[in-house]
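Asker: Got a structure for you, questions after.
The values are calculated or read from the model by the stated rules, or taken from the named source; none is laboratory data. Source: prediction; values computed, not measured. Here Cβ is always computed from backbone atoms with ideal geometry, including for glycine, and neighbour counts include all displayed protein chains. Please note that ligands, DNA and RNA were not included when accessible areas were found on the heavy atoms of the full protein model with its side chains. Shrake-Rupley method; radii C 1.70, N 1.55, O 1.52, S 1.80 Å.
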Amino acid sequence: MSKEQIFLFGYGKFGRSIADDLVEHDAEVVLIESDEERYHEALKTHRFERCILMDVTDDAALEELPVRVNEQLVCVMDDDHLNVFLVLSLRAIFPQSQILAISDSIHATRKLKMAGANKVIDLYAISANRIHNILNKPIATRFLEGFLNADHEYSFREIVIPEGSFLHGRTLEEIDFRRYGVIFVGMIDVELGNSFIFVTTGLEHKLDAGDIIVCIGHDEDLDRFEKIIHNAEEEAE
């Protein structure tokens, strides 16, 4: 059976770098572009599984896309209004697909969530020197690693808080992640509809089993921390 594909809508200011990062990590990317010049530019790379020139406002054309159940749709059109319209259409046509969208304004973020995006990378909410927000695990890893130099000694890790962990029920300000040699970046709270919470938004948030925390550190420290959080009680310092 062929690998799952990632359908990337847009080859503009965000789409180019995202597409390159995904392809470099062996993702099978189907690129959809509505601008003919950008479409031909993408064709020249010879790197995508498939490139499609399409009017993304045409629902009939969108319905013809070979999207399988649970495949991921990434909406990065440069035009915010077009991006919202696209998310709305895709949600109606592919109700079981995971939809990620990028926003550079707080107003567009709200609209994208209302339109049906599972996760929104809100560039407005984080500073220019911060790494993009988190999506679901397979894409998140590719995004985050793409923003790191290949020779960098640190890496990112998404870790699901297990049942019975000492982290369950505690607030972020109660946990000293540095003692484990890792840096807390943010988290996805399942109780809040998979919203991503960046570290800069406050440290009083409560952790629960099933939440996904995102940390940076050396691989050995991340491996050790991932094992430690299975314990019911935190080890004394």
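Asker: What whole-number value in cubic angstrom gives the convex hull volume per residue for the C-alpha atoms of region 1-102?
Answerer: Per residue, the Cα convex hull of region 1-102 comes to 90 Å³.
Asker: Taking 22 Å as R0, compute the FRET efficiency from the Cβ-Cβ separation of Glu174 and His107 and round it to 0.05.
Answerer: Rounded to the nearest 0.05, the efficiency is 0.05.
Asker: Right, something else. Need one number: convex hull volume per residue for region 19-69, Cα atoms only, in Å³.
Answerer: Taking only Cα atoms, region 19-69 has a hull volume of 83 Å³ per residue.
Asker: Same structure again: Using 1/(1 + (r/R0)^6) with R0 = 45 angstrom and r between the beta carbons of His40 and Gln96, what's the FRET efficiency to the nearest 0.05?
Answerer: 0.85
Asker: Ok, one more. Of Lys13/Lys119; Lys113/Lys227; Lys113/Lys206, which ones are farther than 28 Å apart at the Cα?
Answerer: Flagged as over cut-off: Lys113/Lys227.
Asker: Subtract the Cα-Cα distance of His205 and Asp223 from 0.36 nm times their separation in residues, and report this length gain in nm to one decimal.
Answerer: Full extension from His205 to Asp223 adds 4.1 nm.
Asker: Give me the 1.4 Å probe accessible area per residue for region 5-126, excluding ligands and nucleic acids, in Å².
Answerer: Using a 1.4 Å probe on heavy atoms only, each residue of region 5-126 averages 47 Å².
Asker: Give me the one-decimal nm value for the distance between modelled label points at Ile183 and Leu82, 7 Å along each residue's Cα-to-Cβ direction.
Answerer: 3.6
Asker: How much of the accessible area of region 5-126, probe 1.4 Å, is carbon plus sulfur, in whole percent?
Answerer: Roughly 49 percent, rounded to a whole number.
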